[in-house]
2 protein chains.
Amino acid sequence: MSTSGAEQDGAGVRRGRRGTGGGAARRAERTAPRLEVARYIERNIPDFEILTPEAIEIIEANADTVLEEIGVNFVENPAALDRWREAGADVRGERVHIPRGLARELCKTAPSRYIQHARNPERSVEIGGKSLVLAPVYGPPFFRDRDRGRRYATMEDFNTFVKLGYMSKWLHHSGGTVCEPTDVPVNKRHLDMLYAHMSLSDKPYMGSVTAHERAADSVALSEILFGKEFVADNTVMTSLVNINSPLTFDGIMMGALETYAAANQAAIVSPFIVGGAMAPVSVAGTLTQVLAEVLAGVAYSQLIRKGAPVIFGAFVTSIDMNSGAPTFGTPEASKILWGAGQLARRMNLPFRSGGGLCGSKLPDAQAAYETANTLNAALLGGVNFMLHACGWLEGGLVSSPEKFVMDADQLGVLHSIASGIDISENGQAMDAIREVGPGGHYLGCAHTQANFKDAFWRTQLLDYKPFEQWSDEGGADTFELASRRVRRMLDEYVQPALDPAVDEELRDYIERRKAAEPDAFV
Amino acid sequence: MSTSGAEQDGAGVRRGRRGTGGGAARRAERTAPRLEVARYIERNIPDFEILTPEAIEIIEANADTVLEEIGVNFVENPAALDRWREAGADVRGERVHIPRGLARELCKTAPSRYIQHARNPERSVEIGGKSLVLAPVYGPPFFRDRDRGRRYATMEDFNTFVKLGYMSKWLHHSGGTVCEPTDVPVNKRHLDMLYAHMSLSDKPYMGSVTAHERAADSVALSEILFGKEFVADNTVMTSLVNINSPLTFDGIMMGALETYAAANQAAIVSPFIVGGAMAPVSVAGTLTQVLAEVLAGVAYSQLIRKGAPVIFGAFVTSIDMNSGAPTFGTPEASKILWGAGQLARRMNLPFRSGGGLCGSKLPDAQAAYETANTLNAALLGGVNFMLHACGWLEGGLVSSPEKFVMDADQLGVLHSIASGIDISENGQAMDAIREVGPGGHYLGCAHTQANFKDAFWRTQLLDYKPFEQWSDEGGADTFELASRRVRRMLDEYVQPALDPAVDEELRDYIERRKAAEPDAFV
């Protein structure tokens, strides 16, 4: 197990990499079209801060009160209770009461930013500070596309999303469970999912969290891909650890967190809240609970390994009081996102929230309003890691390829907004204003000629044609345009090169692990 | 012409009102269902400020350079040139060179906020400061709905939009040219449009700007509706005066501005810019031109009448460099909106920008992404008067009733975001967190019971039903749901009461004016 030494990319991201030895790989590399992939976003704009300093003080004090007086439950996890007792908490049964200030103190060893390495060093990302890393939808058991409608998702669908993600210019991360491949046994599908991310894409990916041993498999497979020594020293996975809100940390998720923290791999510690059900119906009350939960979860990660990278997560939506359904793109969700961002920055932690969330069953206007509301809120709220940035439909029950490419196109808008305003002499364009003068037009002027190619964000999907032309060509709506784009992208997909020796080793490991236990379907 | 004296509403808005004398009117008032209409928004959230103090300084200095060195054209308007000369500008031909600082100095007499009165005092709005007033689409010659497709708009369509606007809870303003009634002669349609706003709605409205004498008609009709003395002392119209960018003030628009300013009626002084064609392809360059144009236009309004209410307008979009079509909901448009908002606040002027702008031909996902991008940017950018807040389609060529109700529903989201975060004891919800504790749920707790009714924004349109139910009921998309809502609203519409004597006087005036000149269709 050797690495080919360290490489340096433009971002100053250092990583080791196994030699891409084989001739087949080199041939593939030569024939593959050069993909245009944007670097992760570095925000050159301010954060939108909705909480006043007084409001922050109240919420932080209340969160400490929650931890001390009410406490949090660490369920079916005696070792966790021992760790908390040792750290100075008052443990009664499974309830952990954390003295004021202790959790925040423990969180201080968590890094404010970290690099997650990709096997292609150009795709490595920095998470934290002013960065924004975009990752696709996570978790849906169903798949819906224009041609075939809604059905249970399969491994083939999973591969489709990984390919689309690999080809999406504005997507920095391959994600994790882009859909649940329900045709693969529950206890083995994590292996196929990881192999898809590792072999069909060269972007960074997430590990499995559904059992302690599946997290261990994720680490083992990553060690094959990156080299064992490299993984020991570097973060190559960011995985999603949900808190069982309110205030409960279950043994399964904590098992994954323990495995990843011990291996210096990153975890998003994320309250999962439908407001009104898992948190109070008020924004300030929900923020208090979110903060208390993240404080406890992040502090616990540092009890496992000081310095383990963690993200302040917040997946918060609100309930429709008529139907009981979760809602998305709502004003309450935006306010909570902005407030949570402020609380995360006060802790010097990277911040994660949702991206293209919506409740709609179809990629229609409802889906787009709700998605755009969430994307805009997340960009301005200082999110560092945006999960579900594209492809999410029907409250997270469905992954949709058309929604995937529709949202992925809008992610270009976020890049451009985040770049801020160019106030250089060229940006000021005084020569152009002088050249054109009152009543003229700028189409042909020197400044326009020199700048028009990169001046404006350009869609790869939306339609700007004149009505008559659009109508003559069939009058397609966005859903149809997206469906065509999905087909075109999949037609043009070329697998990124992977060292055949590494590939074989990955397959061997997976085969061995699959053979070791019987299939389970629940 | 007498007024029934001044009334005071909750907002401290004072207005006079003609007695609503007739028994018919009183009967109508008794039988009309009480409409739920939201008060205009008062933002309890910060503004998003993208320009640094240094960037503002540069742009302001450059705008002064533009005014002094390049100058602006006041076309076919010798009186305007005289006024500028007298104010100290260097006038050469139709070109007005304004010495550094003069325009900004002249702008200081414009009020930072003003009240626009509605005939129903509960619907009067304050424009400026932290307020946000929402008005519908303005200007499209075409109408498109789900049943009949796209065709030239008629006066019947116009009435449809005024009725929908009257019934829309989150819309504060009836607007102006909600569509062009192309079946009415060009030189007479302003009379029918004004009568529709005055009789079918009781919300504030806009006056005509397409000719000096049409602006005068708007004032005369308003004097009938409100009483002459009341109009002399109060603002009852806000009208849209576009600048012919770059840097050109044409005689027609200035004629309207002169009429309104002299009558103390408000005007939006608004550069109309497709970036890349009417302004440089850079954001900072466009902001410079916008500022120069607004400085000159607002200064000119104050040369007509010191203290005349005016709004810093900015209708700015960018061009698609492939097709030459204007684009909407783009990152450049958002950045310009935010920057322009900052420049407007530096001048202590109310700020206007677009609302639900989009380029899509259909009220589909493209329309909704673009619209939501614009609505969100405008809310956070501190807009005080949002024109085109609902109903806009196809780059402003089309008004759509379905898009109208879809957007109008989203305007509720803006209200709720703008309310900020309640940090009262009830908002903190500590009792709820204590009551529920780890692992519980909040659905039945005392705090939820007491607060759930008003806790969350509720859609009047979007679908949150479980998939199976939604599917069994036909699987309607948002376009179809909107179409149903339009029909329901029009079925339920009841005309607000209007004093029959006033109504007769309005009709007489219109009949007289229509008889006075032959029909013109261009």
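None of the figures in this text is laboratory data; all of them are computed from the coordinates on show. Predicted, not measured: the structure shown is a model, and the values here were computed from it. Note that each Cβ is placed from the backbone with ideal geometry, even for glycine, and that neighbours are counted across all protein chains shown.
Just checking the output field for B:315-322: average partner chain Cβ neighbours within 10 Å of each residue's Cβ?
Mean number of neighbouring Cβ atoms from other chains: 3.
Once phi is turned into θ = phi - 60°, what whole-Hz ³J(HN,Hα) does the Karplus curve with 6.51, -1.76 and 1.60 give for every residue of the range A:499-510, x standing for Gly and Pro?
3, x, 5, 5, 4, 4, 5, 4, 5, 4, 4, 5
For the range B:211-274 and the range A:89-141, compute the distance between their C-alpha centroids and round to whole Å.
Cα centroid of the range B:211-274 versus Cα centroid of the range A:89-141: 57 Å apart.
Could you pull the copy-to-copy label distances for A:THR52, with points set 7 Å along Cα to Cβ, in nm to one decimal and sorted shortest first?
In ascending order, 2.9 nm.
Of the listed pairs A:LYS453/B:LYS335; A:LYS361/A:LYS403; B:LYS108/B:LYS335; A:LYS163/A:LYS453; A:LYS203/A:LYS361, which have alpha-carbon separations greater than 22 Å here?
Violating the 22 Å limit, Cα to Cα: B:LYS108/B:LYS335; A:LYS163/A:LYS453; A:LYS203/A:LYS361.
Give the separation of the Cα centroids, the range B:425-492 to the range B:395-423, in Å.
Each part's Cα centre sits 17 Å from the other's.
Placing a label point 7 Å from Cα toward Cβ, how far apart in nm is A:ARG113 from its equivalents in the other copies, listed shortest first to one decimal?
Here A:ARG113 shows inter-copy label distances of 4.0 nm.
What are the principal axis extents of the Cα atoms in the range B:319-445, in Å, biggest first?
Over the range B:319-445, Cα extents along the principal axes are 60, 38, 25 Å.
If one computes P(r) from the Cα atoms of chain A, what percent of pairs lie at distances over 36 Å?
33 percent
Any idea what Rg and Dmax come out to for the range A:390-509 if you just take the C-alpha atoms, in Å?
21.7, 72
So what is log10(I(q)/I(0)) for the protein assembly as shown at q = 0.04 1/Å, when the Debye sum runs over its Cα atoms only?
Scattering profile of the protein assembly as shown, log10 relative to I(0): -0.21.
Using only Cα positions of the range B:356-416, each an equal point scatterer, no hydration layer, compute I(q)/I(0) via Debye at q = 0.22 Å⁻¹ and quote the log10 values to two decimals.
Computed log10 I(q)/I(0) values: -0.78.
How much net charge surrounds B:SER174 when only the other residues with a Cβ under 13 Å from the Cβ of B:SER174 are counted, with Lys and Arg +1 and Asp and Glu -1?
+3
Could you check how many percent of all C-alpha pairs in the range B:233-292 are farther apart than 19 Å?
Roughly 38 percent, rounded to a whole number.
Please list the non-local residues whose amide H lies under 5 Å from the amide H of A:VAL133, H modeled 1.01 Å from N, same-chain partners needing a gap of 5 or more.
A:PHE385, A:MET386
Local charge sum around B:GLU213 (other residues, Cβ-Cβ under 14 Å, Lys/Arg +1, Asp/Glu -1)?
So the environment of B:GLU213 carries a net charge of +3.
Computed from the mean reciprocal separation of all distinct C-alpha pairs, what Kirkwood hydrodynamic radius does the range B:318-372 have, in Å?
12.4 Å
Check each of the GluC sites (Glu not before Pro) in the range B:60-106 and keep only those in coil by DSSP with at most 15 other C-beta atoms within 10 angstrom; list them in order.
B:GLU76
Per DSSP H run of n ≥ 4, the term is -39500 (n - 2.57); total these for chain A, divide by its residue number, and report the mean residue ellipticity at 222 nm rounded to 500 deg cm²/dmol.
Computed mean residue ellipticity for chain A: -13500 deg cm²/dmol.
Restricting the count to DSSP beta bridges whose residues both fall in the protein assembly as shown, what percent are antiparallel, rounded to a multiple of 5?
45 percent
Karplus couplings for the range A:109-124 from phi (6.51 cos²θ - 1.76 cosθ + 1.60, θ = phi - 60°), rounded to Hz, Gly and Pro as x?
Karplus values, whole Hz, x for Gly and Pro: 7, 6, x, 7, 7, 8, 9, 9, 7, 10, 5, 8, x, 5, 9, 4.
Taking the Cα-to-Cβ direction at A:GLU492 and at B:GLU492 and moving 7 Å from each Cα, how far apart do the two end points lie in nm?
4.8 nm
What FRET efficiency do you get for A:LYS169 and B:ALA501 if R0 is 51 Å and r is their Cβ-Cβ distance, rounded to the nearest 0.05?
Working from the Cβ atoms, E equals 0.20.
Considering amide H positions built from the backbone, and no H for Pro or chain starts, which residues 5 or more places from B:GLY175, or on another chain, come under 5 Å of its amide H?
Those lying under 5 Å, H to H, from B:GLY175 are B:MET206.
Binned at 5 Å from 0, what are the whole-percent values of the Cα-Cα distance distribution for the range B:145-241, short to long?
Answer for the range B:145-241: a P(r) of 2, 13, 24, 23, 20, 11, 4, 2, 1, 0 percent.
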